[in-house]
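Derivation of every value follows stated rules applied to the coordinates shown; laboratory data play no part. Quick caveat, the model's predicted, so the values are computed rather than measured. Ideal geometry is used to build each Cβ from the backbone, glycine not excepted, and the neighbour counts take in all protein chains shown.
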Amino acid sequence: MITEEKRKVLELFAQGRRQYKIMQFQDALRYFGEALKVDQSDGPSKVYYLRCKHYIDNPPPEDWDGVFVMKTK
């Protein structure tokens, strides 16, 4: 059974992903940040939060397909 807390995190994460996919990184960052307020140990939200911060500073090309490419190890 999923707890109410986890359900909220999943809902916020899904909203964040929708914004991420359409390159609305500021909005996505807000959703992932809210998810982390509910559960600071949520790994997927942490990953996407950091990716949004990266893309805000380093926007992807217009034809971006949604794939994050690591440039360093």
Any GluC sites (Glu not before Pro) in the chain that lie in a DSSP loop and have at most 13 other Cβ atoms within 10 Å would be E62
Kirkwood Rh for the chain from C-alpha pairs, in Å, is 12.6 Å
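Normalised by the number of residues in the chain, what is the relative contact order in percent for Cα pairs under 8 Å and 6+ residues apart?
28 percent
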What helix-only [θ] at 222 nm does the chain give? Using -39500 (n - 2.57) per DSSP H run of at least 4, over all residues, to the nearest 500, the answer is -21500 deg cm²/dmol
The size of the Cβ-based charge dipole (Lys, Arg +1; Asp, Glu -1) of region 4-57 about the Cα centre, to the nearest 20 debye, is 160 debye
So the angle from the long Cα axis of helix 25-38 to the longest Cα principal axis of the chain, reported in degrees to the nearest 10, equals 30 degrees
